[in-house]
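The values are calculated or read from the model by the stated rules, or taken from the named source; none is laboratory data. No experiment lies behind these values; they were computed from the predicted model shown. All Cβ positions, even for glycine, are placed from backbone atoms using ideal geometry, and neighbour counts span all protein chains on display.
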Amino acid sequence: MSEKTIESILNEKRQFPPSETFSQQANITPTELEALKKHAEEDYQGYWAKLAQENLYWFKDFSTVLDDTNAPNYQWFTDGEINVSYNCLDLNAQKFPNKKAIIFEAENGETKTITYQELLDEVSKLSNGLLDLGVQALDRVVIYMPMVPEAVIAMQACARIGAVHSVVFGGFSSNALKDRIEDAAAKVVITADGAFRGGKIIPLKDSTDKALEGWETPVKNVVVFQRTGEPINMSNQRDIWWHDLTKDQDRESKALALNSEHPLFILYTSGSTGKPKGIQHSSGGYLLHAKTTFQWIFDIKDSDVFWCTADVGWITGHSYVAYGPLAAGATILIYEGAPTYPHPGRFWEICERHKVTLFYTAPTAIRALMKFGDNIPNQYDLSTLRLLGTVGEPINPEAWMWYHSVIGKEKCPIVDTWWQTETGAAMISPLPGVISTKPGSCTQSLPGIMMDIVDDRGNTVDQPNKGGYLVVTKPWPSMLRTIWGDNDRYIETYWAKFNNRLYVAGDSANQDEDEFFWIMGRIDDVLNVSGHRLGTMEVESALVSHPNVVEAAVVGKPHDIKGEGIFAFVVTKGERPTEDKEPKATKELRNWVAEQVGPIAKPDDIRYLENLPKTRSGKIMRRLLRAIARGEEITQDISTLEDEGIIKQLQGTD
Ligand code: PRX
């Protein structure tokens with residue numbers, strides 16, 4: 001980024017204060033928020049120590065809060081001893097053994113519930129099974145599972161015995177799985193015979209076999225959960241059915257007392273260069289922030305049914321499915337299948353059937369569901385919903401307003417939570433009983449989380465609405481500890497830019513007059529058009545606000561005169577226009593963007609698609625779009641594309 005900071009020209013002025021009714025019953029009141037913030041500012045370590053003592057059960061108390069001896073490799077609660085699974089299961093099974101921990105809905109509509117006691121029993125049996133296989137503390141276990149309760153059971157079983165899990169999203173190919181198994185040097189893989197998704201079976205065991213073929217793998221055993229009943233190969237020496245491994249196991253198992261810094265998991269995430277990075281998280285610090293943010297942001301009450309739609313293959317599925325809510329003793333919903341299978345109202349049908357009260361999803365899902373029109377959700381009783389959340393990308397005000405009015409019936413606060421795989425849990429988010437929301441803003445950082453926006457030299461950008469680098473100015477308990485096997489890369493990626501002083505999130509953002517944060521996108525997605533810096537999201541937001549546009553992705557391409565030009569990929573309602581046949585549509589959209597943002601933001605090119613190319617997790621494949629916009633050859637892995645036919649449309653040849 002140059003001296004010139006990013007210009008924010010997004011002009012969203014609407015504000016939605018929490019309703020009286022919501023505020024009165026909220027877990028965090030304005031006075032409590034003030035007190036928390038004050039405590040964190042005056043006595044940072046004391047603040048975190050108090051939260052850690054009040055919210056977690058320690059086998060052995062810690063005497064050190066923050067150890068910065070090897071900064072930026074910070075450590076938290078270092079000499080404390082804890083077990084994450086004990087905190088999630090044993091404590092809650094003692095308090096309310098018969099409370100529902102998990103409500104599960106399969107893609108075929110079958111449902112089952114699992115109580116806290118039952119969950120503890122199943123986790124204990126599997127951890128005893130893993131011990132029988134010789135798994136020890138610090139051994140790595142790769143989990144490659146469908147979105148079924150057993151995925152959570154597998155994670156919790158590892159946590160119980162101190163094995164370090166690395167969940168690999170079930171939509172990843174065998175190649176991606178192989179890379180992760182290799183990098184983590186996993187001793188065991190836990191998978192299933194297959195996964196049901198979108199009416200099809202995804203052959204997870206076949207992919208696992210392929211991933212383990214042709215090289216000397218560190219994997220001793222593959223544990224296979226039977227989900228589909230389809231025939232699969234079982235290798236005598238290596239493979240064992242989950243039901244065989246667990247059937248004679250004791251329901252009691254010891255939750256090991258582990259050092260607070262003991263790695264709980266590694267989760268691979270893409271960087272802008274190189275191979276995926278293994279983001280390594282801790283036990284005590286991670287659980288603390290996952291649990292407290294869950295209680296504060298989602299306002300959890302005993303009677304709530306919380307549904308986070310994220311797969312456990314992503315950080316959101318770790319912190320707000322497998323760990324945060326279970327540590328808080330909540331009832332969670334897990335849904336196995338695709339959001340629109342077998343009909344576009346599936347999500348809303350599930351909300352109605354299970355009386356979901358708290359619903360957390362990604363903007364991309366909201367936009368996709370919005371595309372089907374209001375009368376789909378209007379067919380369902382969504383009256384139990386009392387809070388909505390989003391995560392993963394900036395939400396455009398258009399989608400926010402739809403979520404607010406059509407799904408939330410104007411009564412549910414929306415918590416737009418900003419965070420990353422690396423941060424472990426939410427960092428910026430409204431506290432729903434206190435903070436007024438603004439469509440498109442994730443509002444303010446949470447108490448104890450110190451964030452700032454800085455310029456190229458690391459100085460605070462004081463002026464409202466001027467963009468810069470989003471940074472965290474103090475270490476926080478749930479921060480990543482390192483990149484697995486590559487600490488230099490950890491320092492280089494997140495700390496080196498400002499002399500190990502600030503954590504660099506890799507996002508650009510600005511703060512408005514109320515000190516609300518507006519995320520503008522990844523730094524590598526920032527455009528510089530005729531010397532003006534523009535966040536791609538701002539142009540996208542403008543495009544999407546056009547009545548005919550459903551979704552848009554914008555990338556930069558070299559431009560002779562302006563330096564960088566804007567290339568927009570657009571999904572419209574109704575029939576797909578083409579550049580040749582519909583010059584009028586293109587002209588109209590360009591003028592529209594000029595009106596919404598300013599003439600500098602006018603896209604130079606607009607290409608129309610039926611769908612944006614996305615990974616199975618719903619992230620737009622921006623690197624692919626950039627290559628196409630520049631007319632380069634496609635070299636990246638497109639095997640995760642939901643629809644490969646999209647390539648021709650992308651290249652403008654269809
Ligand atoms: O660019 C930000 C965006 O997602 C990135 C982190 O992606 P990942 O590690 O996959 O984690 C996603 C789930 C926590 C961030 O650097 N991002 C995440 N949440 C938001 C967001 N952008 C805008 N608003 C958000 N609420």
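In table form, for the structure just shown:
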| item | result |
| --- | --- |
| Qualifying positions in the range 501-521 - away from the ligand (no atom under 11 Å from the Cβ) and part of a strand (DSSP E or B) | Y503, N510, Q511 |
| Number of positions in the range 386-405 that are among the hydroxyl-bearing types (S, T, Y), more than 11 Å from the ligand (Cβ to nearest atom) and buried (at least 20 other Cβ atoms within 10 Å of the Cβ) | 1 |
| In the range 69-127, the residues that are farther than 22 Å from A330 by Cα, more than 24 Å from the chain's Cα centre (by Cα) and assigned to a strand (DSSP E or B) | E81 |
| Filtered residues of the range 535-565 (kept if part of a strand (DSSP E or B), of a type outside the set (G, A, S) and touching a helix residue (DSSP H, G or I) at 6+ places or on another chain (Cβ under 6 Å)) | V549, E551, V554, V555, K557 |
| T364 vs. criteria polar (S, T, N, Q) and either touching a residue at least 60 places away in the same chain (Cβ under 8 Å) or more than 15 Å from the ligand (Cβ to nearest atom) (or both) | yes |
| Given (1) surrounded by 21 or more Cβ atoms within 10 Å (Cβ to Cβ); (2) at pLDDT 95 or above; (3) in a helix (DSSP H, G or I), number of the condition D416 does not satisfy | (3) |
| Among residues of the range 413-436, those that are more than 8 Å from the ligand (Cβ to nearest atom) and over 23 Å from K38 (Cβ atoms), counted | 3 |
| Tally of residues being part of a helix (DSSP H, G or I) and within 16 Å of the ligand (Cβ to nearest atom) across the range 597-624 | 2 |
| Failed criterion for N378 (all others in (1) under 22 Å from A553 (Cβ atoms); (2) without any contact (Cβ under 8 Å) to a residue 40 or more places away in the chain hold) | (1) |
| D514 vs. criteria acidic (D, E), farther than 21 Å from Y74 by Cβ and surrounded by 17 or more Cβ atoms within 10 Å (Cβ to Cβ) | no |
| Residue among P583, P577, P599 that alone is in contact with a helix residue (DSSP H, G or I) (Cβ under 6 Å, 6 or more places away or on another chain), surrounded by fewer than 22 Cβ atoms within 10 Å (Cβ to Cβ), free of Cβ contacts under 8 Å to residues at least 60 places away in the same chain and more than 14 Å from G535 (Cα to Cα) | P577 |
| Search result, residues across the range 367-385 that are modelled with pLDDT of 95 or more and either within 16 Å of the ligand (Cβ to nearest atom) or surrounded by 15 or more Cβ atoms within 10 Å (Cβ to Cβ) (or both) | I376, P377, Y380, L382, T384, L385 |
| Pairs, first over 15 Å from T390 (Cα atoms) in the range 439-450, second among the hydroxyl-bearing types (S, T, Y) and more than 13 Å from the ligand (Cβ to nearest atom), C-beta under 8 Å, six or more apart | P447/Y47; G448/Y44; G448/Y47; M450/T473 |
| Given (1) modelled with pLDDT of 95 or more; (2) of a type outside the set (A, V, I, L, M, F, W, C); (3) away from the ligand (no atom under 16 Å from the Cβ); (4) within 23 Å of the chain's Cα centre (by Cα), index of the condition E410 fails | (4) |
| Search result, residues across the range 11-47 that are in a loop (DSSP other than H, G, I, E, B) and not charged (D, E, K, R) | N11, Q15, P17, P18, S19, A26, N27, I28, T29 |
